[in-house]
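Each reported figure results from applying straightforward, stated rules to the coordinates on display, with no laboratory input. Please read all numbers here as calculations on a predicted model, not as lab measurements. Here the Cβ positions follow ideal geometry from the backbone for every residue, glycine too, while neighbour counts run over all protein chains shown.
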Amino acid sequence: MRFVARVFSLIFLVFAVIAGLVDAIQSVAAGQPVLTPMIESWSANSPDTLALVAAFGSDHQSGTHDIDFDAAGRAYVADTHNNRVTNT
């Protein structure tokens with residue numbers, strides 16, 4: 001199990017470094033800081049994996065019924081046990 005966790009950590013680290021590099025290149029090209037929300041970048045590059053992670057998270061969180069994202073990339077989580085929707 002530790003090996004699997006380390007492999008996933010490595011994959012996420014590589015993705016984060018690539019996303020940071022792309023943002024740095026955009027900032028240099030624009031002459032000012034340009035920040036791209038991770039959810040926006042992730043949904044543009046690999047929407048299938050985003051849906052997979054959202055489904056995995058919703059299935060394994062206690063009381064979570066649904067996860068959705070708005071246009072700005074904010075996540076909304078429906079918590080059925082507490083009768084609320086949280087904005088993360």
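How large is the Rg to Rh ratio of the stretch 1-45 when both quantities use alpha carbon positions and Rh follows Kirkwood? Don't jump to the answer; show the numbers that get you there.
Working: Rg = 13.3 Å, Rh = 11.8 Å.
We get a ratio of 1.13 for the stretch 1-45.
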Spin-label point model (7 Å from Cα, Cβ direction): what's the V4 to E40 distance in nm?
3.5
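For an R0 of 30 angstrom, estimate the FRET efficiency from the Cβ-Cβ distance between V14 and D68 and round to the nearest 0.05. Don't jump to the answer; show the numbers that get you there.
On the way: r = 27 Å, r/R0 = 0.90.
Efficiency at R0 = 30 Å is approximately 0.65.
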